[in-house]
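See below for the structure under consideration.
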Amino acid sequence: MSVTLQLNLLPEIEAFLDQSPLPSFVGGKNFPNADGNLVATIDPGSGQQIAEIHDLSEAEIDRAVEIADAAFPAWAALPQQERSSILLKLADAVEQRKSIIAQIESLDAGKIEAQAAGDVQNFVDTLRYFVELSGKVEKRTKLDVEGHEAWTVKQPWGACAFIFPWNFPFLLIGWGISPALAAGNTVVIKPAEDTSLSAIYLAQLAKEVGVPDGVINVVTGRGATAGSALSNNKQIKRMSFTGSPEVGRLVGEACGRNLVPVKLELGGKGAALVFDDVDVKATAKALVGAITFHTGQVCCDATRWLVHQDIYDEFVAHCRDLMQNVKIGHPLDPESQMGPVVNPKQCQRVLGYQAKGKAEGAECLVGGGPAKVDGYEGNYVNPTLLAGSLDNVAAREEIFGPVAYVTAFETEEDAIAMANDTDYGLANSVWTNDKDRADRVAESMVAGNSWINAHNVFVHGVPYGGINKSGMGGGVLSVETLMDYYRSTSVVRPLA
Ligand code: NAD
């Protein structure tokens with residue numbers, strides 16, 4: 001490792017980082033690039049380089065897909081129980097290495113270590129959930145039709161591609177690949193260039209526990225090179241992209257040209273509607289907790305807080321108190337409550353939106369600007385609360401940092417209209433003790449997900465996905481997600 005951090009790193013992390021430059025992992029072995037192009041991996045908490053990864057070329061990405069495709073028939077042909085037991089072994093191994101993977105993730109993505117451990121456990125739970133579910137899928141379904149014997153048969157597709165963002169690198173891999181693998185597909189994973197380490201570790205671990213070569217492949221590199229090559233590959237059978245709407249459009253266009261089914265999980269600008277019958281302090285605490293969780297780099301965050309006019313001042317006072325007391329620090333420091341944003345570019349984006357919002361008339365009620373953490377030159381920003389008209393750039397566009405925008409409403413109808421006045425459609429929440437109102441408002445908000453008296457709620461078995469500018473193609477975490485990874489053939493025999 002090329003840096004001397006004042007951090008207590010596990011010896012396994014030192015050994016893992018000593019492999020740097022870390023090659024991709026394809027077909028059960030290291031898969032270095034030929035031209036030596038590397039991308040630096042930086043600890044967002046200290047600004048120091050911790051490793052380098054390989055930036056693969058288009059030809060190398062195509063070769064990785066060929067390898068995944070070649071591994072597909074044998075993996076798909078395994079009896080369900082055998083495939084399940086291999087995947088459960090992987091889930092067990094990830095769980096056993098939770099502290100190692102969490103520390104890699106924390107160092108790489110700037111995620112508070114305890115939160116990173118939660119992400120790793122979520123990966124394990126997701127894999128176990130889809131393995132169990134896949135054992136219950138009826139592969140042949142007889143159809144009761146006149147004059148014909150007919151049935152449908154479900155089979156996996158082949159090599160499926162996944163492109164992931166940097167905010168939940170390991171958790172999102174679990175959400176993405178678990179249903180695909182459980183159904184019998186092979187996978188090619190392209191993690192974000194800023195946060196590829198946990199994916200490489202996973203591929204190495206999969207090899208160690210006996211996942212057949214070529215079933216789980218990790219290809220690394222920049223979006224414009226490796227990501228673009230994967231989304232333009234004609235041999236992939238499905239594409240799942242999680243990231244920004246801007247790149248989602250490019251990936252969708254490429255898949256459209258190649259007629260590859262594509263699922264897009266994109267950004268958001270969620271609202272929290274807070275009515276006047278709530279425990280104001282507890283609600284403020286929950287929303288400040290949500291906007292500072294992973295430094296606000298959460299696609300489904302509530303970033304527009306719509307608060308009933310009668311409790312607005314009290315709510316803002318609690319938020320001020322809570323936000324000013326968030327302990328900002330290095331993600332591996334156990335005292336820290338909020339870490340850095342992922343890179344200097346993201347830092348500039350967050351600060352830039354604050355400046356643009358203020359220039360358009362927003363008032364900065366709390367925080368604003370960069371934050372200083374003693375001993376570390378990381379990408380730290382203060383939790384921030386802006387206020388004003390919702391017709392403000394900071395209230396309309398996704399910032400992806402710990403910045404919320406608060407405004408008052410008078411009636412339920414106004415609140416719903418304000419929540420729905422957005423191009424996005426990912427997740428909103430309603431906060432009230434009136435059950436009928438909660439149910440009514442939850443169903444009136446136009447988005448993939450509505451939560452009641454909570455925000456950021458994920459339950460295995462409940463579909464999660466976005467509509468409009470927040471995504472298309474079905475979402476994740478549910479039975480339907482598993483079904484996406486089976487293709488269906490109808491078989492018909494006319495009866496004489
Ligand atoms: P991004 O779109 O910049 O990058 C995502 C991935 O796409 C990365 O792996 C990147 O290398 C790759 N990429 C970049 N250019 C590409 C190209 N031309 N072709 C193919 N791939 C390319 O997103 P980000 O900044 O990493 O992540 C933040 C975004 O992700 C936010 O908008 C956030 O809301 C969204 N997100 C959505 C969900 C969800 O479930 N809806 C979850 C997490 C993050």
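Every number in this text was worked out from the coordinates using simple rules, so none of it is lab data. What you are looking at is a predicted structure, and each value in this text was computed from that prediction instead of being measured. So basically every Cβ, Gly included, is an ideal-geometry build from the backbone, and we count neighbours across all protein chains shown.
Multiplying the sequence separation of residue 490 and residue 37 by 0.36 nm and subtracting their Cα-Cα distance, what value in nm do you get?
158.4 nm
Multiplying the sequence separation of residue 92 and residue 325 by 0.36 nm and subtracting their Cα-Cα distance, what value in nm do you get? Numbers along the way, then the final one.
Working: separation 233, 0.36 × 233 = 83.88 nm, distance 3.81 nm.
So the extension gain works out to 80.1 nm.
Quick check: pseudo-label points 7 Å beyond the Cα along Cα→Cβ at residue 434 and residue 59, how many nm apart are they?
In this crude label model, residue 434 to residue 59 measures out at 6.8 nm.
Taking the Cα-to-Cβ direction at residue 258 and at residue 66 and moving 7 Å from each Cα, how far apart do the two end points lie in nm?
1.5
Could you point to the residue in 76, 382, 115 farthest towards the positive end of the chain's charge dipole, with +1 and -1 charges on the Cβ of Lys/Arg and Asp/Glu respectively?
76
Which whole-number percent gives the relative contact order of region 120-172, counting Cα pairs below 8 Å spaced six or more residues apart?
Once normalised by length, the contact order is 37 percent.
Placing unit charges on C-beta atoms (Lys and Arg positive, Asp and Glu negative, everything else neutral), compute the dipole magnitude of region 113-239 about its Cα centre in debye, rounded to 20. Don't jump to the answer; show the numbers that get you there.
Numbers: 12 positive and 12 negative charges, 80 e Å.
Roughly 380 debye for region 113-239.
Structure shown: which of 111/285; 234/345; 269/327; 269/345; 372/469; 139/237 lie over 23 Å apart, alpha-carbon to alpha-carbon?
Violating the 23 Å Cα-Cα cut-off are 234/345; 269/327; 372/469.
Using just the helices of the chain, give the 222 nm mean residue ellipticity in deg cm²/dmol: DSSP H runs with n ≥ 4 each add -39,500 (n - 2.57), and the total is spread over all residues, rounded to 500.
-12500 deg cm²/dmol
Can you give the extra length, in nm with one decimal, that the chain gains between residue 244 and residue 114 once fully stretched, where that is 0.36 nm per residue apart less the Cα-Cα distance?
44.2 nm is the gain from fully extending residue 244 to residue 114.
Would you mind calculating the relative contact order of the chain from Cα pairs under 8 angstrom and at least 6 residues apart, reporting the percent as a whole number?
Reported relative contact order: 17 percent.
Work from the charge dipole of the chain (Cβ charges, +1 for Lys and Arg, -1 for Asp and Glu, about the Cα centre) and give the residue of 473, 106, 488 farthest towards its positive end.
Working it through, the farthest residue towards the positive pole turns out to be 488.
For region 332-407, which GluC sites (Glu not before Pro) pass both filters: DSSP loop (anything but H, G, I, E, B) and at most 16 other C-beta atoms within 10 Å?
In loop regions of region 332-407 (DSSP not H, G, I, E or B), the sparsely surrounded GluC sites (Glu not before Pro) are 335, 360, 377.
Treat every Asp and Glu Cβ in region 304-444 as -1 and every Lys and Arg Cβ as +1, leave all other atoms uncharged, and give the resulting dipole magnitude about the Cα centre to the nearest 20 debye.
Numbers: 12 positive and 23 negative charges, 142 e Å.
So the magnitude is around 680 debye.
Mind giving me the FRET efficiency for residue 222 and residue 49? R0 is 22 Å, r the Cβ-Cβ distance, nearest 0.05 is fine.
Efficiency, rounded to the nearest 0.05: 0.85.
Write out the GluC sites (Glu not before Pro) in region 109-193 meeting two conditions: DSSP loop, and at most 12 other Cβ atoms within 10 Å of their Cβ. The partial results should precede the final answer.
Values: sites: 113, 132, 138, 146, 149, 193; in loops: 138, 146, 193.
When the GluC sites (Glu not before Pro) of region 109-193 are filtered for loop state and at most 12 Cβ neighbours within 10 Å, 138, 146 remain.
Local charge sum around residue 403 (other residues, Cβ-Cβ under 12 Å, Lys/Arg +1, Asp/Glu -1)?
+2
Quick one: go through region 428-446 and flag any residue whose amide nitrogen is under 19 Å from the point 7 Å out along the Cα-to-Cβ line of residue 277.
So the set is 429-445.
Among 209, 458, 442, whose Cα projects farthest towards the positive end of the dipole of the chain, with charges put on the beta-carbon of Lys, Arg (+1) and Asp, Glu (-1)?
209
What net charge is computed for the residues neighbouring residue 447, neighbours being all others with C-beta under 14 Å from the C-beta of residue 447, Lys and Arg scored +1, Asp and Glu -1?
In short, -3.
With each label point set 7 Å from Cα along the Cα-Cβ vector, what nm distance links residue 234 and residue 82?
3.4
Dipole of the chain, Cα-centred, from +1 at each Lys and Arg C-beta and -1 at each Asp and Glu C-beta, to the nearest 20 debye?
Numbers: 40 positive and 61 negative charges, 285 e Å.
About 1360 debye.
Which GluC sites (Glu not before Pro) in region 405-496 sit in a loop by DSSP (not H, G, I, E or B) and have at most 15 other Cβ atoms within 10 Å of their own Cβ?
Passing sites in region 405-496 are 410.
Considering only DSSP beta bridges whose two residues both sit in the chain, what percent are antiparallel, to the nearest 5?
Looking only at bridges with both residues in the chain, the antiparallel portion is about 45 percent.
I need the calculated FRET efficiency for the pair residue 285 and residue 148, taking r as the beta carbon distance and R₀ as 56 Å, to the nearest 0.05. Before the final figure, lay out the partial values.
Values: r = 62 Å, r/R0 = 1.10.
Here the calculated transfer efficiency is 0.35.
Mean separation of Cα pairs under 8 Å and 6+ residues apart, divided by the residue count of region 22-178: what relative contact order is that in percent?
Worked out over region 22-178, it gives 20 percent.
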